[in-house]
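After the C-alpha coordinates below, expect a handful of questions from me.
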Amino acid sequence: MTNTTTTAAGFVGPAELGPLILEPVSALSIAFNPAVSTVVYITQATNAYRFPRVAADPTAQWVNEGDEISPSDATLDEDTVVPSKVAGLSIITSELAADSNPAAAQVVGDGLARDISRKVDTALVGNVASPAPPGLGAQSGTQTYVNAGAFGSLDFAAQAISKAESVGATVTAFITSPAVALQLATIKIATGYNAPVLGMDATSATSRNVLGVPLVVTPFGMPANTLYAIDGSRIFTVVREDIVVDSDASPFYTSDRVAVRAIMRVGFGFPHPASVVKVSTS
(Lines give C-alpha, C1' and ligand atoms only; values in the text may rest on other atoms or scores of the structure.)
Protein backbone atom coordinates (compact mmCIF):
# COMPACT_ATOMS: atom_id res chain seq x y z
CA MET A 1 0.00 0.00 0.00
CA THR A 2 1.29 3.44 -0.92
CA ASN A 3 1.94 5.65 2.10
CA THR A 4 1.35 9.40 1.65
CA THR A 5 1.66 12.46 3.83
CA THR A 6 -2.10 12.46 4.39
CA THR A 7 -2.28 8.85 5.60
CA ALA A 8 1.04 8.38 7.38
CA ALA A 9 2.49 11.75 8.40
CA GLY A 10 0.25 11.87 11.46
CA PHE A 11 2.21 9.13 13.21
CA VAL A 12 5.70 9.55 11.76
CA GLY A 13 5.78 13.32 11.33
CA PRO A 14 7.81 16.02 13.09
CA ALA A 15 5.01 16.55 15.67
CA GLU A 16 5.59 13.07 17.11
CA LEU A 17 5.02 13.16 20.88
CA GLY A 18 5.97 9.68 22.03
CA PRO A 19 8.10 6.72 20.97
CA LEU A 20 7.09 4.88 17.83
CA ILE A 21 5.33 1.65 18.77
CA LEU A 22 5.85 -1.07 16.18
CA GLU A 23 3.12 -3.62 15.57
CA PRO A 24 3.30 -6.50 15.14
CA VAL A 25 6.09 -6.87 17.66
CA SER A 26 9.52 -7.24 16.09
CA ALA A 27 10.86 -10.79 16.24
CA LEU A 28 14.24 -11.88 14.96
CA SER A 29 14.28 -15.11 12.97
CA ILE A 30 14.87 -18.24 15.02
CA ALA A 31 16.97 -19.52 12.11
CA PHE A 32 19.84 -17.42 13.49
CA ASN A 33 19.56 -18.90 16.99
CA PRO A 34 22.76 -20.98 17.53
CA ALA A 35 20.70 -23.67 19.27
CA VAL A 36 18.55 -24.03 16.14
CA SER A 37 21.06 -23.90 13.30
CA THR A 38 24.62 -23.13 12.28
CA VAL A 39 24.73 -19.96 10.17
CA VAL A 40 26.99 -19.96 7.11
CA TYR A 41 27.61 -16.73 5.16
CA ILE A 42 28.67 -17.01 1.54
CA THR A 43 29.77 -14.33 -0.90
CA GLN A 44 27.41 -12.72 -3.37
CA ALA A 45 29.37 -14.33 -6.20
CA THR A 46 28.64 -17.82 -4.85
CA ASN A 47 25.48 -19.45 -6.16
CA ALA A 48 25.40 -22.56 -3.96
CA TYR A 49 26.96 -24.13 -0.88
CA ARG A 50 27.78 -27.83 -0.67
CA PHE A 51 27.85 -29.99 2.46
CA PRO A 52 29.93 -33.15 1.93
CA ARG A 53 28.72 -36.03 4.07
CA VAL A 54 29.59 -39.65 4.76
CA ALA A 55 26.48 -41.73 4.03
CA ALA A 56 28.15 -44.93 5.26
CA ASP A 57 31.44 -45.51 7.08
CA PRO A 58 34.10 -47.93 5.83
CA THR A 59 33.88 -51.34 7.50
CA ALA A 60 36.45 -52.53 10.04
CA GLN A 61 36.97 -56.19 10.91
CA TRP A 62 38.70 -58.52 13.30
CA VAL A 63 41.63 -60.33 11.66
CA ASN A 64 44.31 -62.75 12.76
CA GLU A 65 47.86 -61.53 12.90
CA GLY A 66 49.43 -61.73 9.47
CA ASP A 67 46.12 -62.11 7.59
CA GLU A 68 45.10 -59.79 4.77
CA ILE A 69 42.81 -56.89 5.67
CA SER A 70 39.89 -56.58 3.25
CA PRO A 71 39.60 -53.03 1.86
CA SER A 72 36.40 -51.07 2.46
CA ASP A 73 35.45 -47.63 1.18
CA ALA A 74 33.23 -44.99 2.70
CA THR A 75 30.06 -44.02 0.86
CA LEU A 76 30.27 -40.30 0.17
CA ASP A 77 27.40 -37.95 -0.64
CA GLU A 78 26.68 -34.23 -0.52
CA ASP A 79 23.86 -31.83 0.20
CA THR A 80 23.71 -28.70 -1.98
CA VAL A 81 21.93 -25.55 -0.81
CA VAL A 82 20.99 -22.81 -3.27
CA PRO A 83 19.82 -19.70 -1.35
CA SER A 84 16.43 -18.32 -2.40
CA LYS A 85 15.46 -14.66 -2.55
CA VAL A 86 12.82 -13.16 -0.29
CA ALA A 87 12.06 -9.50 -0.96
CA GLY A 88 9.63 -6.69 -0.26
CA LEU A 89 8.93 -3.31 -1.87
CA SER A 90 7.02 -0.30 -0.56
CA ILE A 91 6.40 3.13 -2.07
CA ILE A 92 6.24 6.39 -0.09
CA THR A 93 6.02 10.03 -1.14
CA SER A 94 9.11 12.20 -1.18
CA GLU A 95 7.43 14.63 1.23
CA LEU A 96 6.92 11.88 3.79
CA ALA A 97 10.50 10.73 3.37
CA ALA A 98 11.83 14.28 3.86
CA ASP A 99 9.54 15.47 6.67
CA SER A 100 9.40 12.42 8.92
CA ASN A 101 11.18 12.00 12.21
CA PRO A 102 12.19 9.18 12.48
CA ALA A 103 12.79 8.79 8.78
CA ALA A 104 9.81 7.17 7.08
CA ALA A 105 12.04 5.25 4.68
CA GLN A 106 13.85 3.69 7.65
CA VAL A 107 10.56 2.84 9.38
CA VAL A 108 9.20 1.17 6.24
CA GLY A 109 12.50 -0.60 5.57
CA ASP A 110 12.69 -1.92 9.13
CA GLY A 111 9.15 -3.23 8.76
CA LEU A 112 10.08 -5.06 5.57
CA ALA A 113 13.13 -6.54 7.30
CA ARG A 114 10.99 -7.78 10.19
CA ASP A 115 8.55 -9.42 7.82
CA ILE A 116 11.43 -11.07 5.97
CA SER A 117 12.51 -12.62 9.28
CA ARG A 118 8.98 -13.97 9.70
CA LYS A 119 9.04 -15.42 6.19
CA VAL A 120 12.39 -17.10 6.97
CA ASP A 121 10.93 -18.70 10.12
CA THR A 122 7.90 -19.93 8.21
CA ALA A 123 10.12 -21.52 5.57
CA LEU A 124 12.46 -23.08 8.15
CA VAL A 125 9.83 -24.97 10.14
CA GLY A 126 7.30 -25.58 7.37
CA ASN A 127 6.97 -26.79 3.81
CA VAL A 128 6.48 -23.62 1.78
CA ALA A 129 6.11 -23.91 -1.98
CA SER A 130 9.02 -22.98 -4.26
CA PRO A 131 10.78 -20.58 -4.71
CA ALA A 132 10.99 -20.66 -0.90
CA PRO A 133 13.74 -22.99 0.34
CA PRO A 134 12.63 -26.40 1.65
CA GLY A 135 12.38 -26.49 5.43
CA LEU A 136 11.89 -29.05 8.18
CA GLY A 137 8.44 -30.02 6.94
CA ALA A 138 9.80 -30.87 3.49
CA GLN A 139 12.58 -33.23 4.63
CA SER A 140 12.46 -36.97 4.03
CA GLY A 141 14.33 -39.33 6.32
CA THR A 142 13.47 -37.51 9.55
CA GLN A 143 12.34 -39.48 12.59
CA THR A 144 8.85 -39.23 14.06
CA TYR A 145 7.20 -39.88 17.40
CA VAL A 146 3.45 -39.66 17.91
CA ASN A 147 2.57 -38.64 21.46
CA ALA A 148 -0.78 -40.17 22.42
CA GLY A 149 -3.26 -37.56 23.56
CA ALA A 150 -2.09 -34.10 24.58
CA PHE A 151 1.34 -33.01 25.79
CA GLY A 152 0.44 -34.04 29.34
CA SER A 153 3.95 -34.99 30.45
CA LEU A 154 7.57 -34.66 29.34
CA ASP A 155 7.83 -38.26 28.15
CA PHE A 156 7.76 -37.03 24.56
CA ALA A 157 10.99 -35.10 25.18
CA ALA A 158 12.76 -38.15 26.56
CA GLN A 159 11.60 -40.17 23.56
CA ALA A 160 12.78 -37.52 21.10
CA ILE A 161 16.17 -37.17 22.79
CA SER A 162 16.60 -40.94 22.72
CA LYS A 163 15.71 -41.14 19.03
CA ALA A 164 18.25 -38.42 18.20
CA GLU A 165 20.93 -40.13 20.27
CA SER A 166 20.30 -43.40 18.43
CA VAL A 167 21.74 -41.79 15.28
CA GLY A 168 24.56 -39.97 17.06
CA ALA A 169 22.85 -36.57 17.35
CA THR A 170 22.41 -34.36 20.40
CA VAL A 171 19.19 -32.38 20.77
CA THR A 172 20.11 -28.71 21.23
CA ALA A 173 16.61 -27.23 20.91
CA PHE A 174 12.93 -28.01 20.79
CA ILE A 175 10.96 -25.82 18.37
CA THR A 176 7.22 -25.38 18.70
CA SER A 177 4.30 -22.95 18.50
CA PRO A 178 2.98 -20.68 21.27
CA ALA A 179 -0.06 -22.97 21.67
CA VAL A 180 2.07 -26.05 22.38
CA ALA A 181 4.43 -24.01 24.57
CA LEU A 182 1.41 -23.03 26.66
CA GLN A 183 0.41 -26.69 27.02
CA LEU A 184 3.90 -27.49 28.29
CA ALA A 185 3.96 -24.52 30.66
CA THR A 186 0.72 -25.61 32.33
CA ILE A 187 1.75 -29.23 33.03
CA LYS A 188 1.74 -29.66 36.82
CA ILE A 189 4.13 -31.75 38.88
CA ALA A 190 1.21 -33.87 40.14
CA THR A 191 -2.56 -33.87 40.41
CA GLY A 192 -3.70 -31.30 42.96
CA TYR A 193 -0.50 -29.24 42.76
CA ASN A 194 -0.10 -25.82 41.12
CA ALA A 195 3.68 -25.95 40.60
CA PRO A 196 4.57 -26.43 36.90
CA VAL A 197 6.69 -29.41 35.94
CA LEU A 198 9.00 -27.12 33.91
CA GLY A 199 9.86 -25.28 37.11
CA MET A 200 10.20 -21.62 37.90
CA ASP A 201 13.43 -19.60 37.81
CA ALA A 202 13.03 -16.07 39.16
CA THR A 203 16.51 -15.14 37.91
CA SER A 204 15.65 -16.04 34.30
CA ALA A 205 11.94 -15.59 33.83
CA THR A 206 12.00 -15.70 30.03
CA SER A 207 14.15 -18.82 29.62
CA ARG A 208 12.28 -22.04 28.87
CA ASN A 209 13.80 -25.50 28.97
CA VAL A 210 12.47 -29.02 28.57
CA LEU A 211 14.63 -31.63 30.29
CA GLY A 212 17.47 -29.11 30.17
CA VAL A 213 17.05 -28.41 26.43
CA PRO A 214 16.06 -24.87 25.30
CA LEU A 215 12.48 -24.49 24.07
CA VAL A 216 12.35 -22.12 21.08
CA VAL A 217 8.92 -20.72 20.23
CA THR A 218 7.82 -19.25 16.92
CA PRO A 219 4.29 -18.19 15.92
CA PHE A 220 5.17 -18.49 12.24
CA GLY A 221 4.75 -21.65 10.20
CA MET A 222 4.65 -24.35 12.90
CA PRO A 223 2.06 -27.08 12.21
CA ALA A 224 -0.59 -27.46 14.91
CA ASN A 225 0.16 -29.83 17.82
CA THR A 226 3.71 -30.35 16.60
CA LEU A 227 7.17 -30.00 18.08
CA TYR A 228 10.60 -30.53 16.50
CA ALA A 229 13.62 -31.86 18.39
CA ILE A 230 16.74 -30.80 16.48
CA ASP A 231 20.52 -30.81 16.62
CA GLY A 232 21.60 -27.28 15.69
CA SER A 233 25.04 -28.48 14.61
CA ARG A 234 23.40 -30.56 11.85
CA ILE A 235 21.07 -27.88 10.47
CA PHE A 236 22.53 -24.99 8.47
CA THR A 237 21.18 -21.58 7.54
CA VAL A 238 23.03 -20.46 4.41
CA VAL A 239 22.91 -16.70 3.85
CA ARG A 240 24.13 -15.33 0.55
CA GLU A 241 23.74 -11.79 1.76
CA ASP A 242 22.27 -10.28 4.89
CA ILE A 243 19.04 -8.29 4.73
CA VAL A 244 19.75 -5.34 2.44
CA VAL A 245 17.44 -2.32 2.80
CA ASP A 246 17.80 0.55 0.35
CA SER A 247 15.72 3.30 -1.25
CA ASP A 248 15.68 4.85 -4.70
CA ALA A 249 13.61 7.67 -6.19
CA SER A 250 14.62 7.20 -9.81
CA PRO A 251 11.89 4.69 -10.84
CA PHE A 252 9.22 7.16 -9.69
CA TYR A 253 10.88 10.43 -10.69
CA THR A 254 7.81 11.81 -12.47
CA SER A 255 5.52 11.22 -9.46
CA ASP A 256 8.01 12.39 -6.81
CA ARG A 257 7.92 9.14 -4.85
CA VAL A 258 10.55 6.90 -3.28
CA ALA A 259 10.79 3.11 -3.47
CA VAL A 260 11.99 1.28 -0.35
CA ARG A 261 13.25 -2.26 -0.95
CA ALA A 262 14.45 -5.09 1.28
CA ILE A 263 16.11 -8.25 -0.05
CA MET A 264 17.60 -11.36 1.52
CA ARG A 265 18.86 -14.63 0.02
CA VAL A 266 18.74 -17.61 2.33
CA GLY A 267 18.53 -21.39 2.21
CA PHE A 268 18.64 -24.31 4.63
CA GLY A 269 20.82 -27.39 4.71
CA PHE A 270 19.82 -30.67 6.35
CA PRO A 271 22.76 -32.99 5.67
CA HIS A 272 21.61 -35.41 8.40
CA PRO A 273 17.78 -35.51 8.33
CA ALA A 274 17.65 -38.45 10.76
CA SER A 275 18.87 -36.10 13.49
CA VAL A 276 15.51 -34.29 13.28
CA VAL A 277 12.69 -35.79 15.35
CA LYS A 278 9.15 -34.61 14.69
CA VAL A 279 6.86 -35.04 17.69
CA SER A 280 3.12 -34.69 17.21
CA THR A 281 -0.04 -35.51 19.17
CA SER A 282 -2.56 -37.97 17.91
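The values are calculated or read from the model by the stated rules, or taken from the named source; none is laboratory data. Quick caveat, the model's predicted, so the values are computed rather than measured. Note: areas computed on protein heavy atoms with side chains; ligands, DNA, RNA excluded. Shrake-Rupley method; radii C 1.70, N 1.55, O 1.52, S 1.80 Å.
Quick one: what does P(r) look like for region 210-255 with 5 Å bins over all Cα pairs, in whole %?
All Cα pairs, binned at 5 Å, distribute as 4, 11, 14, 15, 15, 9, 8, 7, 6, 6, 4, 1, 0 percent.
Can you check how the C-alpha radius of gyration of region 38-189 compares to 2.2 N^0.38 Å, as a plain ratio?
Normalised Rg, Cα atoms only: 1.63.
When the solvent-accessible surface of protein heavy atoms is calculated with a 1.4 angstrom probe, in what order do Thr218, Thr59 fall, highest first?
Ranked from most to least accessible, the order is Thr59, Thr218.
Could you pull out every one of the lysines with an alpha carbon less than 24 Å from that of Lys85, ignoring same-chain neighbours closer than 8 positions?
Qualifying lysines at Cα under 24 Å: Lys119.
Another question about this same structure. For region 115-200, state what percent of all Cα-Cα pairs lands in each successive 5 Å bin, counting from 0 Å until the bin that includes the largest distance.
3, 11, 16, 20, 18, 15, 10, 5, 2, 1, 0
Any idea what % of Cα-Cα pairs in the chain are farther than 28 Å? List each step's numbers first, then the result.
On the way: 20424 of 39621 pairs.
Of the Cα pairs, 52 percent sit more than 28 Å apart.
Quick one: Debye curve from the C-alpha atoms of region 183-282, no solvent, what's log10 I(q)/I(0) at q = 0.15, 0.20, 0.22 Å⁻¹?
So the normalised log intensities work out to -0.87, -1.17, -1.26.
Please list, or write none, the lysines whose alpha carbon is within less than 27 Å of the alpha carbon of Lys163, excluding same-chain residues fewer than 8 places away.
In chain and number order, the partners are Lys188, Lys278.
Distance between the C-alpha centers of region 108-125 and region 37-82? Whole Å please.
34
Next question. With contacts defined as alpha carbon pairs under 8 Å and 6 or more residues apart, what's the relative contact order of region 136-219 in percent?
31
Moving on. Would you be so kind as to identify all helices of the chain, as entire DSSP H runs, whose Cα atoms reach 27 Å or more along the helix's own axis and whose mean Kyte-Doolittle hydropathy is at least -1.0?
Span-like helices here: 104-125.
Compute from the Cα atoms of region 242-282 the Rg and the Dmax, the latter being the longest Cα-Cα distance, and quote both in angstrom.
Cα radius of gyration and Dmax of region 242-282 are 20.9, 59 Å respectively.
Let me ask you something else. Taking 0.36 nm per residue of separation and subtracting the Cα-Cα distance, what length does fully extending Val244 through Gln44 add? Provide the component values of the computation, followed by the final result.
On the way: separation 200, 0.36 × 200 = 72.00 nm, distance 1.21 nm.
Full-extension gain reported as 70.8 nm.
With every protein chain kept in the model, how would you rank Ile243, Ile92, Ile69 by accessible area, 1.4 Å probe, largest at the top?
Ile69, Ile243, Ile92
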